[in-house]
1. Could you give the size of the charge dipole of segment 248-443 about its Cα centre, using +1 on the Cβ of each K and R and -1 on the Cβ of each D and E, expressed in debye and rounded to the nearest 20?
2. Choose one of 317, 288, 208: the residue whose Cα lies farthest towards the positive end of the charge dipole of the chain (beta-carbon charges +1 Lys, Arg; -1 Asp, Glu; about the Cα centre).
3. R0 = 22 Å: FRET efficiency of residue 28 with residue 154, Cβ-based, nearest 0.05?
4. Share of antiparallel DSSP beta bridges in the chain, in percent to the nearest 5?
5. For a footprinting-style exposure proxy, rank 343, 377, 90 by other Cβ within 10 Å, fewest first.
6. Rounded to the nearest 5, what % of the DSSP beta bridges within segment 296-443 are antiparallel ones?
7. At 0.36 nm per residue, and after removing the present C-alpha to C-alpha distance, how many nm does the segment from residue 434 to residue 131 gain when stretched out fully?
8. By how many nm would the segment from residue 358 to residue 20 lengthen if fully extended, with 0.36 nm per residue of separation less the alpha-carbon distance?
Amino acid sequence: MIFNVFDYGAKGDGRTNDAAAIQKAIDECSDKGGTVLLPGGYTFRSGSIVLKSNTELHLENGAVLKASDDMEDFNLFSEARQEAGLDVPTYENCDYEGRPKLFFLYACSADNVRITGSGTIDGNEEIYYGKITKWHIDGSFYPRMPLFYLEDIHNLTIKDVTLTHSAFWTVHMIGCRDVLIDGIRIYNNTRLANSDGIDPDHCQNVRIANCFIEGADDCIVFKNTESAKKYGPCQNITVSNCILSSTSAAVKFGSESTMLFRNIVVNGCVIRGTNRGISLQLRDEGSIENCIFSNISIETRMFSSEHWWGKAEPIAITAVPRREDTKIGHVKNLVFMNIMADTENGITVYGTTDADGKPNISGLRFENISIDMSWKTRWPKNLHDLRPYHGKSIIESPLAAIYMRNAEGISFSNFRWNADERISAEMGPAFDIEDSENITGLN
């Protein structure tokens, strides 16, 4: 059955808040099963919308669902009001338990939810701006409103839609199972902090394919936030055939990492114009195991060293405690293969040791890796970035093709690197490796 929002009182004039009409259509659709239709050629302004079971929200070509200009329209739960203001900039500290206070498209404990069509969903980012600089826009408060907040959904599909101008995480999925995200486009502001693309958080059995994602912070980032630990590990996920561009990391794990990440495969992707290619940031008691990254083209360049974490590494694997009393997990059994990188930096592997002095990073394989390092930007090249970390988070040290601390059992096969003249002048040893054992395959 088709439930056209015009039949429920929507105006589609780009000014009226159509949330009540859209919600009425969703409520009736959920009772009977079917599709809620937003016709093409119209702009529907809206506050919070609650998606429900057995409902497909379909945006025809030319349809726009745009967030209201009034933040009061997103107080879905009136007992949790958003307080304005930031104590410190988010690039200094953005610890997040995982639940915001404002919601646009929201769903919880539902089955068979679909968001489809070739229309556009617009988060109206400008009303959330705080401090603005040439390189960075911070929000006026933290956390801001995600475009989608989807919790405990079984059988979730997001297909073909364009998502844009999100002020915070665009697609935040918490404890979702059996997820398909296919062919979507995400166009976010490349200066607006925290505007992640897709965030599977404690999710299982997820397929992300054929997507284009552009924005600030991370394109696809796997999370295990503190507030959602009841949903278990983030596991059994594939990412394939995506094009990713970010002012932060293209593919990231963490830094919220309170449980296990396991059985995650990233294959056949193109990463371009990005501050970090693949970034594994373990900062909490969780661990990362049994993951494969293959057939990936990476192009990185440095962005503002103050505002964005990372130093243009094609691959950065860091496992250090967020706070002094954090019991940090481990990283083991990862494969990186058939990766070509055009970059300003080399690979970073930086762990710590447990109470017995054993490194917490082990069992990594690098096969058929090619890194061409060239001078692209004016930002300092002699720094390694461990943020967020309770210790010294920015380390001064010359560039290296491989920079490694506290790791064991790391193998390299057919590893090739090259550096242009200006980069070579900034380098120390090509393989800067300390406090590590059983490192093989580097000549």
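Throughout, read-outs are computed from the coordinates displayed, never taken from laboratory work. Computed from a predicted structure; not experimentally measured. Reconstructed Cβ throughout: ideal geometry from the backbone, glycine too, with neighbour counts over all protein chains shown.
1. Here segment 248-443 has a charge dipole of around 460 debye.
2. Checking the options against the dipole of the chain, the answer is 208.
3. It comes to 0.50.
4. Close to 5 percent.
5. Fewest to most other Cβ atoms nearby, the residues stand as 377, 90, 343.
6. Percentage antiparallel, nearest 5: 10.
7. 105.1 nm
8. Net length gain for the segment: 115.9 nm.
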